[in-house]
Structure formats: C-alpha cells, structure tokens
Amino acid sequence: MSRYRVAVHIVPRRGLLDPQGKAVADALHSLGFNGVRDVRVGRHLVIDADAPEPQSAERVVRDMCAKLLANPVTEDFEIANVEQA
Amino acid sequence: MKFGVITFPGSNSDEDAFLAITDVLGQEGVKLWHKDHDLRGVDVVILPGGFSYGDYLRAGAIARFSPIMREVVAHADRGGPVVGICNGFQIACEAGLLPGALLRNASLQFVSELCRVRVETTETRFSNQYAPGQILRLPIAHGDGRYTADDATLDRLEQNGQVVFRYVNAKGETDPSADPNGSMRGIAGIVNERGNVLGLMPHPERAAEAIVGSADGVALFESLLAQVGV
C-alpha cells in the first residue's frame with residue numbers, strides 16, 4: 001500500500017445557472033477583465049488515501065464523487081491530479 | 001396519528017413542527033434523534049428545516065447518511081408518508097427520495113419572507129384538504145431553494161401531477177418575479193411518483209396559527225389525517 005494524494009474538481013454542470021459564477025464574472029468585467037466569457041465556481045478537494053497503486057486511488061475517488069462528493073443531478077467532476085503523498 | 005420529527009445537528013424548525021402537530025392539531029408527536037435506529041412506530045416522518053451539518057458540502061448531503069435515514073428510506077419504501085420541509089426537502093433529494101436538487105438561490109441572497117404558493121393538485125395525501133388552485137401564504141427562509149432538474153424529469157413531474165405547490169404572484173399567476181429563488185417552472189413543492197414523499201421549501205409548520213401571520217399550513221397536516229379518517 002502507498003499513500004496517494006488525489007485532487008478532484010467539482011463544477012456546476014454547464015448549461016445550469018451558476019449565480020456565483022455569474023457574480024464573479026460581473027466583478028471581473030468591472031475590473032476591466034473584458035475577455036472573461038464564463039466563470040463557474042465549484043469545489044476543489046484534495047484527498048489522501050491509501051491504495052495499492054495510483055489507478056486504484058483514482059478509481060476509489062471516482063466512486064466517492066459518484067456517491068457523495070458531487071451531486072449527479074447538477075455537478076460534473078474530474079480527477080485533476082494523482083500523486084504520491 | 002403519530003408524527004415523528006427528526007432532529008439533525010443544525011435543525012431549527014423541529015420544535016415548530018412538533019408544536020404544530022401537538023398543540024395545533026392535537027396529534028401525538030415523537031421527537032427522534034438523527035442517531036436513532038428506530039422510528040418508534042410513527043405513521044408520518046417529518047424532516048424539518050434548518051441547516052443540518054452546517055450545509056457542509058451541499059445542503060442535506062451529509063444528513064442523508066445519518067443512521068436514522070436508513071429507517072426513513074425503508075419507511076418510504078413501505079409507502080409510509082414523509083414530509084421534507086426546507087432543509088428536509090434538500091435531504092430528501094440528496095437521499096434519492098425525490099428527484100432533482102436544490103441549488104443556491106438565483107439572487108445569491110437568503111430569502112426570508114411570506115410567499116404565495118398555489119395548490120397545483122389536491123389529489124395527494126398532503127393536499128386533499130385544500131381547494132384546487134388555492135393560494136396559500138407560507139413563510140420561506142432559505143439560501144438554497146432553487147429547484148433544479150433536467151427537462152425530462154420536469155416534464156414527468158408535470159404529467160404525473162407531482163408538482164404540488166408553485167410560487168405565484170398576488171394574482172395567483174406564475175411569474176418570474178414571484179419565484180423567490182429562481183426555481184425551475186416555479187416549483188415550490190413536489191411529491192414522488194408513488195405520492196408518499198412530499199418535499200417543499202415553504203414552511204407549513206410556521207404557518208399554523210393566524211397570530212403568526214398565516215394558518216394556511218394547517219390543512220397540509222390535516223390532509224394526512226383525512227387520509228386515514230382521524
């Protein structure tokens with residue numbers, strides 16, 4: 001067993017209204033960042049977990065996302081990084 | 001009739017629900033704790049409002065794993081009635097008892113006001129004591145009440161008569177400005193397909209006596225009683 005650090009991004013599904021993202025985009029525009037087209041505000045989780053290999057650490061975090069960390073009705077998730085912890 | 005009110009860490013409407021059931025309706029109330037493993041023979045389960053587990057991760061996401069929720073899901077699977085109010089609605093969605101999800105209000109602001117909802121169907125065990133199309137004044141107090149589901153789910157809810165309450169304006173019409181949180185199709189409350197689980201964002205238990213501004217919530221509980229002829 002090794003310890004892996006798995007980072008996961010969870011973001012509101014595209015197409016659904018994300019009022020937080022819209023508020024941030026409006027603020028960026030008012031600061032002069034006129035190139036901003038869309039902002040979505042989500043969560044970034046970093047999970048340390050013991051697993052025999054990186055693939056299984058990723059698999060188990062995907063399972064966590066499906067069962068708890070992301071809401072399948074409204075959010076998408078992606079594994080951002082897996083590294084030795 | 002025996003009503004069980006579950007208290008989660010962070011519930012704040014449990015006492016209001018208990019008082020509405022006992023003082024106003026004269027029914028038996030049972031206080032249940034989220035760590036209990038037994039519903040103690042209650043006929044109806046109430047998941048009350050509040051901020052269970054500080055709304056960590058997502059509103060209702062952690063409460064869903066409280067020990068008693070296993071019993072609540074089993075009760076619902078047996079056809080037993082469950083009423084999820086506000087945070088209870090969020091918990092019921094997270095637990096898969098109801099379709100969809102409740103997201104941050106479109107305004108990003110917490111709303112606390114007396115809203116208007118229209119009774120969309122009286123053919124449920126939670127709304128049979130209302131008149132069709134009746135307009136109710138019920139309080140709302142939430143930051144995450146924007147009902148969201150995909151179009152297929154919304155269409156199915158409408159076709160099956162599962163939309164029980166909808167936000168309306170003073171004329172009783174749906175209107176985006178009367179939708180306090182940006183809920184899709186103005187949905188304020190729904191039942192599951194089997195009709196035994198109700199979730200709603202407004203607080204009927206806080207509208208149980210005229211002295212607090214409205215008694216329009218009482219008939220919701222009376223509907224449950226009428227069902228069994230109590």
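The values are calculated or read from the model by the stated rules, or taken from the named source; none is laboratory data. Note that the structure is a prediction, hence the values are computed from the model and not measured. Note: ideal-geometry Cβ built from the backbone for every residue, glycine included; neighbour counts use all protein chains shown. Only protein heavy atoms, including side chains, enter the accessible area calculation; ligands, DNA and RNA are left aside. Shrake-Rupley method; radii C 1.70, N 1.55, O 1.52, S 1.80 Å.
For B:A92, which of the numbered conditions (1) crowded, with 23+ Cβ neighbours inside 10 Å; (2) farther than 19 Å from B:L224 by Cα fails to hold?
Among (1) crowded, with 23+ Cβ neighbours inside 10 Å; (2) farther than 19 Å from B:L224 by Cα, the lone unmet condition for B:A92 is (2).
Scan segment B:192-212 for residues that are over 11 Å from the mean Cα position of the chain (by Cα) and small (G, A, S) and jot them down. Can you show your working first?
Going residue by residue through segment B:192-212, those that are over 11 Å from the mean Cα position of the chain (by Cα) are B:192-196, B:206-212.
B:G195, B:A207, B:A208, B:A210 - these are the residues of segment B:192-212 that are over 11 Å from the mean Cα position of the chain (by Cα) and small (G, A, S).
If you scan segment B:213-223, which residues turn out to be of a type in the set (A, V, I, L, M), within 14 Å of the chain's Cα centre (by Cα) and either over 25 Å from B:Q159 (Cβ atoms) or surrounded by fewer than 19 Cβ atoms within 10 Å (Cβ to Cβ) (or both)? Talk me through it step by step, then tell me what you get.
Of the residues in segment B:213-223, the ones of a type in the set (A, V, I, L, M) are B:215, B:218-220.
If we keep only those that are within 14 Å of the chain's Cα centre (by Cα) too, we end up with B:218-220.
Correct list: B:V218, B:A219.
Do we find that B:I46 is buried (at least 20 other Cβ atoms within 10 Å of the Cβ), in contact with a Leu (Cβ under 6 Å, 6 or more places away or on another chain) and not aromatic (F, W, Y) in this structure?
On the way: buried (at least 20 other Cβ atoms within 10 Å of the Cβ): yes; in contact with a Leu (Cβ under 6 Å, 6 or more places away or on another chain): no; not aromatic (F, W, Y): yes.
For B:I46, the condition - buried (at least 20 other Cβ atoms within 10 Å of the Cβ), in contact with a Leu (Cβ under 6 Å, 6 or more places away or on another chain) and not aromatic (F, W, Y) - is not met.
Which of the residues that make up segment B:189-212 are more than 17 Å from B:S13 (Cα to Cα), out of contact with any Pro (no Cβ under 6 Å at 6 or more places or on another chain) and either more than 14 Å from every other protein chain (Cβ to nearest Cβ) or open to solvent by 10 Å² or more (accessible area, probe 1.4 Å) (or both)? Outline the logic, then answer.
Just the residues of segment B:189-212 that are more than 17 Å from B:S13 (Cα to Cα), to begin with: B:189-197, B:210-211.
Next, from what is left, pick out any that are out of contact with any Pro (no Cβ under 6 Å at 6 or more places or on another chain): B:189-195, B:197, B:210-211.
Listed by number, the residues that qualify are B:G189, B:V191, B:N192, B:E193, B:R194, B:G195, B:V197, B:A210, B:I211.
Taking segment B:184-212 as the region of interest, how many residues are more than 27 Å from B:R156 (Cβ to Cβ) and among the small types (G, A, S)?
Keep residues of segment B:184-212 that are more than 27 Å from B:R156 (Cβ to Cβ), which gives B:205-212.
Of the ones still in play, those that are also among the small types (G, A, S) are B:207-208, B:210.
Within segment B:184-212, residues that are more than 27 Å from B:R156 (Cβ to Cβ) and among the small types (G, A, S) number 3.
Just give me the residues in segment B:4-28 being closer than 13 Å to B:V42 by Cα and open to solvent by less than 20 Å² (accessible area, probe 1.4 Å), in sequence order.
B:G4, B:V5, B:I6, B:I21
Among the residues of segment B:44-62, write down those that are small (G, A, S), closer than 13 Å to B:A92 by Cα and in contact with a strand residue (DSSP E or B) (Cβ under 8 Å, 6 or more places away or on another chain).
Kept after step one, since they are small (G, A, S), are these residues of segment B:44-62: B:49-50, B:52, B:54, B:59-61.
Those still in the list that are closer than 13 Å to B:A92 by Cα too: B:49, B:52, B:59-61.
Matches in segment B:44-62: B:G49, B:S52, B:A59, B:G60.
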